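Below is one structure; the comments refer to it alone.
The values are calculated or read from the model by the stated rules, or taken from the named source; none is laboratory data. Just so it is clear, the structure is predicted and the values come from calculations on it, not from any experiment. All Cβ positions, glycine included, derive from the backbone under ideal geometry; neighbour counts span all protein chains shown.
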Amino acid sequence: MLSPVPAPASTTAINSFQELRVRARALGPKRVAVVVADDEVALLTAESAVTLGIAVPVLFGNESKIRAEIERVGVPDLLTQAVFVDAPDAISAANSAARMARDGEVDILLKGHLRTDELLRATLDKNNGLRTGRLLSDVLLYEDTLAGHRRIVAVTDGGINVAPTLDQKKQIVQNAVVALHALGFKRPKIAIMSATEAVTESVPSTVEARQLTEMGARGEFGECEVFGPLALDNALLESAAKAKGITSAVAGSADCMVVPNIEAGNLLGKAVKYLGGSQCSHVIVGARVPILIPSRVESVDDKLNSVAFGVLAHGQ
């Protein structure tokens with residue numbers, strides 16, 4: 001059984017990425033390992049994070065290539081503000097960063113110019129010591145305005161677990177609760193998502209949603225409200241929840257949506273960004289340190305938001 005997660009101290013929930021950055025600045029700077037750092041957007045992100053006061057960059061990879069890329073990108077201050085760790089290739093850089101994270105020499109891992117699987121393989125390697133026994137899962141944040149005001153809403157897991165089992169979903173919920181507590185949500189509202197709010201054997205995710213709801217009612221997830229199944233409209237819109245007669249405190253005001261599989265999470269995450277126009281932020285939780293695996297098409301703002309999220313998630 002998962003251990004219940006205690007609620008955080010007297011903090012208030014973050015409602016925007018501007019607030020996220022302010023909160024991170026109060027906790028920073030953290031040592032951010034940029035793995036294979038000869039990457040334009042990663043270097044621009046590192047420079048912005050230094051300016052904001054939330055990061056001390058530790059740049060892993062071929063040092064001469066990184067220095068040349070710093071000059072080409074036009075962020076020469078990193079030459080004196082960053083720490084360089086020379087590594088001959090991506091695999092060596094990833095393993096070195098993971099071991100330094102294990103030893104407490106860096107606080108956050110940020111993917112640079114290497115594949116996601118290369119970084120995650122180093123993270124999962126038992127010899128590097130970053131595993132905690134918890135499942136790794138991705139928690140994405142976006143700014144939701146459907147209720148007429150701006151607020152942060154999370155989506156999980158659209159990045160790591162392809163078709164999670166019920167036990168894995170339990171751990172995904174646990175990770176989400178930990179992440180939201182770090183963001184100041186004292187009792188986050190966790191919606192277990194499906195295509196419908198009706199429980200039916202023909203849609204297995206609805207059955208598992210009911211089981212997770214029962215676990216939440218027994219207090220297995222600590223300080224949070226867990227309810228499902230919920231469809232997208234009645235998870236986020238109070239009017240839709242009322243129209244369907246759903247009386248849960250989660251319905252219509254979910255702080256986090258737990259999707260049934262990676263396809264749903266990936267599509268929802270990209271929809272809020274590309275169709276909804278929101279900035280995003282996401283962190284892999286469950287390891288000793290937060291791991292950031294932004295897409296190559298994510299903006300500097302998105303990656304900076306992820307660093308800020310990582311600063312808050314560090315130590316959780």
Check: Among (1) of a type outside the set (D, E, K, R); (2) surrounded by fewer than 17 Cβ atoms within 10 Å (Cβ to Cβ); (3) touching a strand residue (DSSP E or B) at 6+ places or on another chain (Cβ under 6 Å), where does ALA42 come up short?
Finding: (2)
Checklist line | Matching residues in the stretch 175-207 - criterion: being small (Gly, Ala, Ser) and without any contact (Cβ under 8 Å) to a residue 24 or more places away in the chain | finding: SER202
Notebook entry, point to check: When the stretch 144-202 is examined, which residues are found to be part of a helix (DSSP H, G or I), of a type outside the set (S, T, N, Q) and closer than 20 Å to ARG23 by Cβ?
Noted result: ALA176, VAL177, VAL178, ALA179, LEU180, HIS181, ALA182
Next item on the list: Kindly indicate which of GLY277, GLY315 is closer than 23 Å to ALA147 by Cβ and surrounded by fewer than 19 Cβ atoms within 10 Å (Cβ to Cβ).
Entry: GLY277
Next item on the list: Identify, from the list GLY61, GLY53, the residue that is at pLDDT 95 or above, in contact with a His (Cβ under 8 Å, 6 or more places away or on another chain) and small (Gly, Ala, Ser).
Entry: GLY61
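Conditions (1) buried (at least 24 other Cβ atoms within 10 Å of the Cβ); (2) at pLDDT 95 or above; (3) of a type in the set (A, V, I, L, M, F, W, C), marked per residue:
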position	(1), (2), (3)
VAL177	yes, yes, yes
LYS189	no, yes, no
VAL203	no, yes, yes
LEU236	no, yes, yes
VAL250	yes, yes, yes
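Here is a list: VAL272, VAL285. Which entry is under 18 Å from the mean Cα position of the chain (by Cα) and closer than 14 Å to VAL173 by Cα?
On the way: VAL272 fails: closer than 14 Å to VAL173 by Cα.
Sole residue among the options that is under 18 Å from the mean Cα position of the chain (by Cα) and closer than 14 Å to VAL173 by Cα: VAL285.
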